[in-house]
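The values are calculated or read from the model by the stated rules, or taken from the named source; none is laboratory data. All of these numbers come straight from a predicted model, not from anything done at the bench. Using ideal geometry, Cβ is built from the backbone for each residue, glycine included, and neighbour counts are taken over all protein chains shown.
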Amino acid sequence: MKEIYVAGGCFWGVEAYFTQLKGVLKTDVGYANGNIENPTYQDLVNQKASHAETVHIIYDPKVLSLNSLLEHCFRFIDPFTLNRQGNDIGIQYRSGFYYTDEADKPILRDYLKKIEREIGKKPVVEIQPLRNYYLAETYHQNYLAKNPNGYCHVDLSLLKDEEKQ
């Protein structure tokens, strides 16, 4: 099994998308690569914490490659807008990939270079080793499963039936 940490705006929709994807074994949401220990959502909102809203994804690389996972991310994130996805604006909504396995770094970088070549514009997506990660409050975990009419910037219909678990 492998893991990757994905920041793509509000973590509710990102988690809802990946929870349905074939090859994803587990997800949780939290706060990554920020300046303080054990931040709360209010710390992010009040700009005391510099963490990104992030989804921790554990996946089976025999079913889902990292490149395929990235293709899915780029279905719903705007890689050219800094600190914003959908209606959510702020540093906690930045886009990024945080890795724990050094072997993932060149795959991530090559994917962003491919997007830059194809579009002719440099993505503003972070690629960094995971420095820290703190689970978000319980009410944020699987939020859209518990609140199906909740806000979501991610178009969940982008996930095709044959890609679902």
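One residue alone among 123, 148 is assigned to a loop (DSSP other than H, G, I, E, B) and surrounded by 18 or more Cβ atoms within 10 Å (Cβ to Cβ), and that residue is 123. Listed conditions (1) more than 23 Å from residue 23 (Cα to Cα); (2) touching a residue at least 40 places away in the same chain (Cβ under 8 Å); (3) surrounded by fewer than 13 Cβ atoms within 10 Å (Cβ to Cβ) are all met by residue 138, apart from (2). When residues in segment 42-88 are screened for being assigned to a helix (DSSP H, G or I) and either of a type in the set (Asp, Glu) or loosely packed, with under 14 Cβ neighbours inside 10 Å (or both), 6 of them pass. Just one of the listed residues (141, 92) is modelled with pLDDT of 95 or more, closer than 13 Å to residue 10 by Cβ and touching an Asp or Glu at 6+ places or on another chain (Cβ under 7 Å), namely 92.
For segment 18-50, what are the residues that are among the aliphatic types (A, V, I, L, M) and touching a strand residue (DSSP E or B) at 6+ places or on another chain (Cβ under 6 Å)?
24, 25, 29, 32
Every residue in segment 89-107 that is buried (at least 21 other Cβ atoms within 10 Å of the Cβ) and of a type outside the set (S, T, N, Q), please. Selection gives 93, 94, 97, 98. Pairing each residue of segment 143-160 that is under 13 Å from residue 76 (Cβ atoms) with any residue that is assigned to a loop (DSSP other than H, G, I, E, B), provided the two are 6+ apart or on different chains, yields C-beta distances under 7 Å for 153/9; 153/10; 153/86; 153/87.
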